[in-house]
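Report on the following structure.
The values are calculated or read from the model by the stated rules, or taken from the named source; none is laboratory data. Model, not experiment: these values are computed from the prediction. Cβ: placed from backbone, ideal geometry, glycine included. Neighbour counts: every protein chain shown. What goes into the accessible areas is simple: the full protein's heavy atoms, side chains included, and nothing from ligands, DNA or RNA. Shrake-Rupley method; radii C 1.70, N 1.55, O 1.52, S 1.80 Å.
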Amino acid sequence: MFSDYYLQLVTTLLIALLSSAVLTAVVKNSQVQAAKHKELVAAASKSVFKRVEMYYRIRRRTKDASDVIKIRDTFHQIQEENEYYRVLLATESKWHGERYALYINAIKELTKGQTQEAWKQRPFGPDAEVKSEHRPNHKRIDELSMQFAKDSRRLMNPFMRPWMRIRHSWFIAPIWKIKVYEP
């Protein structure tokens, strides 16, 4: 009887110890996953911002043809990166990939006019003056960036994630259009 008591006590302590080890592993894993997701979102946002920076690269280009080729190649690289991150985010969540695509499209639309004008503006080169009225709208770009950060936090929030899944479902999305990313 005395040994049954100790056996039961040891068993209870072992179960408690194993349970706490499993709980610690689960918490640690979720923290690691959250950190990886934050890094992914930051890299994806950085890729989008490269598109904004192209205006300044065009304005500061030299007359050398290799500089124009480098700018063209950079545009291709940015497009590839944007698509890579869109697919990567979509594998985590369909709606997150869709929001990233909306973010990219809004930035493209917002910077398209300035980028086209940058090729025409004179003078250009490393010392070219970039007038504020010709620059991309950084206030709106910042708003779009913060909106994407907000959407990314929603993915990590266990209460918001189901809501976003419903919000982007096939029967709600066509009725309730997403307008926060409109340029």
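Within the range 135-149, can you find the residues that are of a type in the set (A, V, I, L, M) and either open to solvent by 50 Å² or more (accessible area, probe 1.4 Å) or assigned to a loop (DSSP other than H, G, I, E, B) (or both)?
Once the filter is applied, which keeps residues that are of a type in the set (A, V, I, L, M) and either open to solvent by 50 Å² or more (accessible area, probe 1.4 Å) or assigned to a loop (DSSP other than H, G, I, E, B) (or both), the range 135-149 yields only Met146.
Tell me yes or no: at least one residue of the range 59-81 is touching a helix residue (DSSP H, G or I) at 6+ places or on another chain (Cβ under 7 Å), open to solvent by 60 Å² or more (accessible area, probe 1.4 Å) and at pLDDT below 95.
Checked the range 59-81: no residue is touching a helix residue (DSSP H, G or I) at 6+ places or on another chain (Cβ under 7 Å), open to solvent by 60 Å² or more (accessible area, probe 1.4 Å) and at pLDDT below 95.
So that you can scan it fast, the table gives a plain yes or no per residue for (1) among the hydrophobic types (A, V, I, L, M, F, W, C); (2) in contact with an Asp or Glu (Cβ under 9 Å, 6 or more places away or on another chain); (3) within 21 Å of Tyr181 (Cβ to Cβ):
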residue: His37; (1), (2), (3): no, yes, yes
residue: Ser47; (1), (2), (3): no, yes, yes
residue: Arg61; (1), (2), (3): no, yes, no
residue: Asn82; (1), (2), (3): no, no, yes
residue: Arg99; (1), (2), (3): no, yes, yes
residue: Lys139; (1), (2), (3): no, no, yes
residue: Met146; (1), (2), (3): yes, no, yes
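Within the bounds of the range 96-109, is there any residue that is β-branched (Val, Ile, Thr) and open to solvent by 80 Å² or more (accessible area, probe 1.4 Å)?
There is no residue in the range 96-109 that is β-branched (Val, Ile, Thr) and open to solvent by 80 Å² or more (accessible area, probe 1.4 Å).
Of everything in the range 116-134 that's open to solvent by 20 Å² or more (accessible area, probe 1.4 Å) and in contact with a helix residue (DSSP H, G or I) (Cβ under 7 Å, 6 or more places away or on another chain), which residue is modelled with the highest pLDDT?
Trp119
Just need a number here: residues in the range 150-183 that are open to solvent by 70 Å² or more (accessible area, probe 1.4 Å) and under 30 Å from Gly113 (Cβ atoms).
Result for the range 150-183: 7.
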